[in-house]
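Visitor: Below you will find the structure I want to go over with you.
The values are calculated or read from the model by the stated rules, or taken from the named source; none is laboratory data. Here the structure is a predicted model, which means the values were calculated and not measured. So basically every Cβ, Gly included, is an ideal-geometry build from the backbone, and we count neighbours across all protein chains shown. These accessible areas exclude ligands, DNA and RNA; they are computed on the full protein's heavy atoms, side chains included. Shrake-Rupley method; radii C 1.70, N 1.55, O 1.52, S 1.80 Å.
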Amino acid sequence: MPESIIAAACSRSGQRVLHVDSRNYYGGNWASFSFSGLLSWLKEYQENNDIVIDSSLWQEQILENEEAIALSRKDKTIQHVEVFCYASQDLHEYVEEAGALKKNHACVTPVNSSKAADSACLPTEDESLSTESCEVPAEQTPSSDPESTLEVNDAEATEEKENHSDDKTSEEKTNENVPTAEDTAEQPKKNRITYSQIVKEGRRFNIDLVSKLLYSRGMLIDLLIKSNVSRYAEFKNITRILAFREGRVEQVPCSRADVFNSKQLTMVEKRMLMKFLTFCMEYEEHPDEYKAYEDITFSEYLKTQKLTPNLQYFVLHSIAMTSETTSSTIDGLKATKNFLHCLGRYGNTPFLFPLYGQGELPQCFCRMCAVFGGIYCLRHSVQCLVVDKESRKCKAIIDQFGQRIISKHFLVEDSYFSENTCSRVQYRQISRAVLITDRSVLKSDSDQQISILIVPAEEPGSFSVRVIELCSSTMTCMKGTYLVHLTCTSSKTAREDLEAVVEKLFTPYTETGIENEEVEKPRILWALYFNMRDSSDINRNCYNVPSNVYVCSGPDGGLGNDNAVKQAETIFQSICPNEDFCPPPPNPEDIVLDGDSSQLESSESSTILEANSETPTESTTLGNPEETSE
């Protein structure tokens, strides 16, 4: 993400940008994959073999007054991968993903396997990850509909659109793949979802490696609007904020209307909560009311505010979303104010989610970079950085073909550095789980709910777990399923950190459970656990690199994206100190060409104009919803 933002900003300011990536997909650990694309990604990390390249190709290029910083050819940012399948497995059938160019012979890890990652049978090596995970079919591509790409969809409109699409798909599937007799026989088991169905509908899944949301008044939303990159993406509101208390999931009232309509709170509690939230919005103007409590945790501070235990829990875990043991009073008040400040801009909660997954956002900035002349090379690895011994600055890179590419500034993502370069770096880890389930954690009138839930830590030394549940209208899963992301700071392996929370909220899918309608918990159809490196907030001095080499971190464990935007802006100001950071592109109608140009130049200019011909008026509407409502 930071590299994509910087590339877009530099390209927009007139710099020549070359973006080289050894992977065959955009985004690195910020990427999103289809289901089969994710299986291919897992297989790549499962093998985890060094690519053997003749080092003489680049060593011969190093001159006497130069030295080389060799880059790593093994990505070590993902560890402890475990995959489990609980859905019925029709292993006698060859299952092919709908729309795929190649057959995907699906096989999975047995549920009772003790070595899940080692025994996982994943797609074959010749299957193309980029074809299945990076390209979206024309009917699903957000940018294919210029009228809708700039708006935050309401749930009803998107749901209706998806229903039409799903109806059409189901008709085609019935006509082509499923005999009528079998279809009739399956009618009693409406909720039965098999693994073959998941594979067949794999292109309907867009599974994020990192799970985040966008604060409606956060830095990333402001940047998307300012740069007009928002026209390349489409968003949905998070519809519910949930709490897990006393073994039960319940909805948390957020806005003023929610508070007064809530049946969970008494009238006294409603007044107490509104009074406290009003104070949090203006807490900086009343320092006398919190200065004496700056040295204690926010949890202890809430106990002094005449709030009931019920309200304390809601504020701490569902509004401020801070740690019960480590967050100070100031941290909690800031987080609560930020939450309240973001309410109401685009919906009833402070959060937005990009359709087709978080991985769309790096691609949006890459698209902006390309529009202004940036060049992208996937599947193109870099062997080393070339450093001048006298100036101690990097002057070039040498790629996999032994070709020397000269530049003034170099941005390198942390995972590309070798252990020697990162010898003084102390990394944190993020524990991640991705679940495909058959129902929501909290039933409601609508099956198109997007929810966030914080499950507090129970044991000392452990961390709270963030749960984000996505429905099919987010274009991240097939109809009739939910995609659930669990995230926390690692203390052990991902499975050890998250399995207790998974067992509280979900139950494994079984054939006998289908007939039992009294089962309250959602059933897990498929599960993935893995640990991801958190390289954020690491001092640049920890890396042994020249001053004109800038290190970009991978995803952090926070809910928002402010860290990536701050990092991108800081690096951009170091490269272009007098330039505006991601200014809006010029309106094509305002562009005046100097003098008479040749037919070729005219043709090129018209191509550029056409690429920028999407008017920014709807983006302005996205950025200023208050004006629209008025």
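Visitor: Mind ranking 254, 542 by accessible surface for me, highest first, 1.4 Å probe?
Guide: 542, 254
Visitor: Where does the stretch 441-539 land on the Kirkwood hydrodynamic radius, alpha-carbon pairs, in angstrom?
Guide: 15.3 Å
Visitor: At a 10 angstrom cut-off on C-beta neighbours, averaged per residue, how do the peptides 495-502, 332-339, 430-437 rank from highest to lowest?
Guide: Descending mean neighbour count gives 430-437, 332-339, 495-502.
Visitor: Measuring with a 1.4 Å probe in the full set of protein chains, what accessible area per residue, in whole Å², belongs to the stretch 354-400?
Guide: 34 Å²
Visitor: Quick check: with the 1.4 Å probe, what order do 281, 475, 368 take by accessible area, largest first?
Guide: From most accessible down to least: 281, 475, 368.
Visitor: Same structure, new question: Could you compute how much accessible surface residue 270 exposes when probed at 1.4 Å, giving the result in Å² to the nearest 10?
Guide: Near enough 20 Å² of accessible area.
Visitor: Here's another thing I want to ask about it. If every alpha-carbon in the stretch 369-417 counts as one equal scatterer, what log10 I(q)/I(0) does Debye give at q = 0.13 1/Å?
Guide: -0.36
Visitor: Mind computing the radius of gyration and Dmax over the alpha-carbon atoms of the stretch 467-514? Å is fine for both.
Guide: For the stretch 467-514, the Cα-based Rg and Dmax read 13.1, 35 Å.
Visitor: Scaled to the compact-protein estimate 2.2 N^0.38 Å, what is the alpha-carbon radius of gyration of the stretch 270-403, rounded to two decimal places?
Guide: Cα-based Rg divided by the globular estimate yields 1.73.
Visitor: Taking all protein chains together and a probe of 1.4 Å, list 453, 442 from the most accessible to the least accessible.
Guide: 442, 453
Visitor: Using r as the Cβ-Cβ distance of residue 444 and residue 566, and R0 as 51 Å, what FRET efficiency do you calculate, to the nearest 0.05?
Guide: That pair, residue 444 with residue 566, gives E of 0.90.
Visitor: Given 0.36 nm per residue, what is the gain on full extension from residue 62 to residue 424 after removing their alpha carbon distance, in nm?
Guide: Taking 0.36 nm per residue and subtracting the Cα distance, the gain is 127.7 nm.
Visitor: Going down the list 212/236; 43/521; 306/337; 443/492; 263/443, which pairs span over 24 Å between their C-alpha atoms?
Guide: Among 212/236; 43/521; 306/337; 443/492; 263/443, the Cα-Cα distance tops 24 Å for 43/521; 443/492.
Visitor: Still on this structure, please answer the following. Return the Rg/Rh ratio of the stretch 190-258 with Cα-based radii and a Kirkwood Rh.
Guide: Checking Rg against Rh, the ratio lands at 1.09.
Visitor: Just the number please: accessible area per residue for the stretch 194-239, 1.4 Å probe, all protein chains included, in Å².
Guide: Per residue, the stretch 194-239 has 18 Å² of solvent-accessible surface.
Visitor: Based on the mean of other Cβ atoms within 10 Å per residue, sort peptides 236-245, 202-211, 557-566 so the most packed one is first.
Guide: Ranked from most to least packed, the peptides come out as 202-211, 236-245, 557-566.
Visitor: How much of the accessible area of the stretch 237-368, in percent, comes from carbon and sulfur atoms when a 1.4 Å probe is used?
Guide: Looking at the stretch 237-368 in its full context, I get 49 percent from C and S.
Visitor: To the nearest whole percent, what portion of all C-alpha pairs in the stretch 189-332 is separated by more than 22 angstrom?
Guide: In whole percent, the long-distance tail amounts to 58.
Visitor: On to the next question. Just how far, in whole angstrom, is the stretch 337-378 from the stretch 442-467 if you go by their alpha carbon centroids?
Guide: Comparing the Cα centres of the stretch 442-467 and the stretch 337-378, I get a distance of 23 Å.
Visitor: Can you give me the orientation-averaged projected area of the convex hull built on the Cα atoms of the stretch 387-485, in nm²?
Guide: 12.1 nm²
Visitor: Residues with amide H under 5 Å of residue 207's amide H, sequence separation 5 or more or different chain, H placed in the peptide plane at 1.01 Å from N; which?
Guide: 33, 34
Visitor: Using protein chains only and a probe of 1.4 angstrom, how many square angstrom of residue 223 are accessible, to the nearest 10?
Guide: Looks like 10 Å² after rounding.
Visitor: When the convex hull of the Cα atoms of the stretch 283-355 is projected onto a plane and the area is averaged over all directions, what value comes out in nm²?
Guide: One quarter of the hull surface, i.e. the mean projection, equals 5.8 nm².
Visitor: Carbon and sulfur: what percent of the stretch 402-552's accessible surface (1.4 Å probe)?
Guide: 45 percent
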